[in-house]
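All of the numbers you see were taken from the coordinates with simple rules; none came from a lab. Everything numeric here is computed off the predicted structure, so don't read it as measured data. Cβ placement follows ideal geometry from the backbone for every residue including glycine, while neighbour counts extend to all protein chains displayed.
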Amino acid sequence: MYGLENIRRMSQEATEQTEDRQLVPFHPLGNLQIDCWPPVPFPNLGRSQPDGWEEDEDTRWLCDSSGFGDPDEPACTIQQLKQVVKDYLQNHPDAGFGIIEEGQFQVVVSAFNPV
């Protein structure tokens, strides 16, 4: 299990890499693409605010990234995340998604909307 200091360091590194490589949120092209995802296809954006995108801070989901999560756990499973993303895209069809925090077996995913 990663310690808090390690998680913060990883988040800072992800933020710096996002700014260096100009990463943007992942925008799914439809339900079929969502259904075929690997466990978590989103880029790790850290705490950066990618150009042209604004984080919807009301939409942060703690998700299991290992693929072995149980639906009864606090972190949503990959299948639950897929449904949450599909539901969000119903009202925000241009949205993208990115990891804003990463631990050893869990990530925090957030929605981003184009500005």
Over all alpha-carbon pairs of the range 4-114, lay out the pair-distance distribution in 10 Å bins, whole %, shortest bin first.
-> 15, 48, 33, 4
If amide H atoms are modeled at 1.01 Å from N in the peptide plane, then the residues at a separation of 5 or more from residue 56, or on another chain, having amide H under 5 Å from its own are 111, 112, 113
Charge tally in the Cβ shell below 13 Å around residue 62, where Lys, Arg are +1 and Asp, Glu are -1, residue 62 excluded = -3
Proxy reagent accessibility, fewest Cβ within 10 Å first, across 63, 76 | 76, 63
Here the range 75-85 yields Karplus 3J(HN,Hα) values (6.51, -1.76, 1.60; θ = phi - 60°; whole Hz; Gly and Pro given as x) of 7, 5, 7, 4, 5, 5, 4, 4, 5, 4, 5
